[in-house]
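Undergrad: Take a look at this one; I'll ask things after.
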Amino acid sequence: MRTTEEDLAASQDGVDRLPTLLDVEQAARAALPQDVWDFLAEGAGAEETLADNRAAFARWRFRPRVMSGIRLPSLATSFLGIDLSMPVLTAPVGADGLFHADGHRAIARANAAHGLVSLVAEASTFSQEAIRAAAPSAARIMQLHPTGTVDAFLERVQRAADAGYELLCVTLDCPTAGFRERGRRSGIMLDESVIGGNYGEGEDRNTFWGLLERGERVWTWEQFAELCARSPLPCIAKGVLTREDAAAAVDAGAVAVLVSNHGGRQLDGAPASLDQLPEVAEAVGGRVPILLDSGVRRGSDVLKAVALGATAVVIGRLMVYGLAAGGQAGVERVHQLLRDEMITTMALLGCETLAELGPERIQRAA
Ligand SMILES: Cc1cc2nc3c(=O)[nH]c(=O)nc-3n(C[C@H](O)[C@H](O)[C@H](O)COP(=O)(O)O)c2cc1C
């Protein structure tokens, strides 16, 4: 972890001039120790799902229309009443202090500067209160792992509501950590100093870890429905990949569905998120907005997801590349490069607004 002001300044030097998102990724790799890089980059098992998340974007092609008469495209959109300057949110990523001394606080500040919103991780190095205080206009969605009784869980939700969060993101695909082999080899330790920011001295800091080992059962849709009915914050269901679970989440009261395989870090062999988006969109049938994450690395990826039915995407590793390369300035650089590529892509597609970007603008690659 970087600790001194000098190191921070050095890390940010030049990040504004990195010309592409790939350069930001390379700068992050150069900045991080090997075991931390492996923890960030790794997927579960043979990393087939990790690779497929990227490959899936190349399986789709745009259908551009020429002679469109458009003006400069706008990327503005909204998600559950929150205005976004572009269809991007940042992911809940735990152990954020491993990547930069400011972690989610820097991410939230970068989002505030760009009219974007953070999903804040329960397993952050920092407390949800400190992250919210760093940028109240951006730190608006709190992510939690469903464990324990619904009553006990609701106390954690109330804490987030008291801190000022407006929405809850419930991570459904993480009853146990995936079988990640790079981490097993490097032996990286995710101790309380990096994932325990939301738990005080003497508290159980690992409520989200080792649920099965403690003899608990994984939650059911009935418990999720009870949560949605009683929660002071509307609930987003994160980690849905099938039409069955998408329908169950909406029926249970989720206000949005996040199509995700956790960036390939959980079930290896799960399908790519993008490939599941059409079936989820069909099952949801416009009842709630859909988000997508896993594998988004460039502006055209975002627009492919929007064309296939997502209101917005969530960026995980891409955001962390910026964070590691230069803290707030690095995350801002990621946002700027995404925005620039999206504006160009929209212009070449002949779309002035995201509302014009629907299924008729995309097809399977031959
Ligand atoms: C280092 C790291 C830590 C993560 N920690 C969490 C977490 O604590 N809670 C959670 O719901 N998802 C977590 N995720 C998953 C992300 O929220 C998101 O689903 C994933 O990164 C999306 O894929 P992408 O990295 O390809 O964009 C983590 C991802 C990474 C890379």
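Undergrad: Looking at (1) in contact with a His (Cβ under 8 Å, 6 or more places away or on another chain); (2) more than 16 Å from the ligand (Cβ to nearest atom); (3) open to solvent by less than 10 Å² (accessible area, probe 1.4 Å), which is the one condition that is false for residue 114?
TA: (3)
Undergrad: So, in the range 287-332, of the ones that are assigned to a loop (DSSP other than H, G, I, E, B) and among the charged types (D, E, K, R), which residue ends up surrounded by the fewest Cβ atoms within 10 Å (Cβ to Cβ)?
TA: Filtering the range 287-332 for residues that are assigned to a loop (DSSP other than H, G, I, E, B) and among the charged types (D, E, K, R), the one surrounded by the fewest Cβ atoms within 10 Å (Cβ to Cβ) comes out as 287.
Undergrad: On to the next question. Condition first: in contact with a strand residue (DSSP E or B) (Cβ under 7 Å, 6 or more places away or on another chain) and either assigned to a helix (DSSP H, G or I) or crowded, with 24+ Cβ neighbours inside 10 Å (or both). Now tell me which residues in the range 124-140 satisfy that.
TA: 128, 131, 132, 138, 139
Undergrad: Kindly provide the set of residues from the range 71-100 that are surrounded by fewer than 19 Cβ atoms within 10 Å (Cβ to Cβ), among the small types (Gly, Ala, Ser) and not in a strand (DSSP E or B), ordered by number.
TA: Correct list: 74, 76, 81, 85.
Undergrad: Something else: Name, by its number, the condition in (1) in contact (Cβ under 8 Å) with a residue 40 or more places away in the chain; (2) touching a strand residue (DSSP E or B) at 6+ places or on another chain (Cβ under 8 Å) that does not hold for residue 121.
TA: For residue 121, the failing item is (1).
Undergrad: If a residue has to be outside any helix (DSSP H, G or I) and out of contact with any Ser or Thr (no Cβ under 6 Å at 6 or more places or on another chain) to count, how many in the range 347-366 make the cut?
TA: Within the range 347-366, residues that are outside any helix (DSSP H, G or I) and out of contact with any Ser or Thr (no Cβ under 6 Å at 6 or more places or on another chain) number 9.
Undergrad: May I pose another question? Mind listing whichever residues of the range 124-137 are among the hydrophobic types (A, V, I, L, M, F, W, C) and in contact (Cβ under 8 Å) with a residue 40 or more places away in the chain?
TA: Residues satisfying the conditions are 126, 130.
Undergrad: Looking only at the range 33-46, decide whether some residue is among the polar types (S, T, N, Q) and either more than 12 Å from the ligand (Cβ to nearest atom) or open to solvent by 20 Å² or more (accessible area, probe 1.4 Å) (or both).
TA: Within the range 33-46, one or more residues are among the polar types (S, T, N, Q) and either more than 12 Å from the ligand (Cβ to nearest atom) or open to solvent by 20 Å² or more (accessible area, probe 1.4 Å) (or both).
The values are calculated or read from the model by the stated rules, or taken from the named source; none is laboratory data. Keep in mind that this is a model prediction, so the values were computed, not measured. Cβ atoms come from the backbone with ideal geometry, glycine included; neighbour counts cover every protein chain shown. Remember, those area values only see protein heavy atoms, side chains included, never the ligands or the DNA or RNA. Shrake-Rupley method; radii C 1.70, N 1.55, O 1.52, S 1.80 Å.
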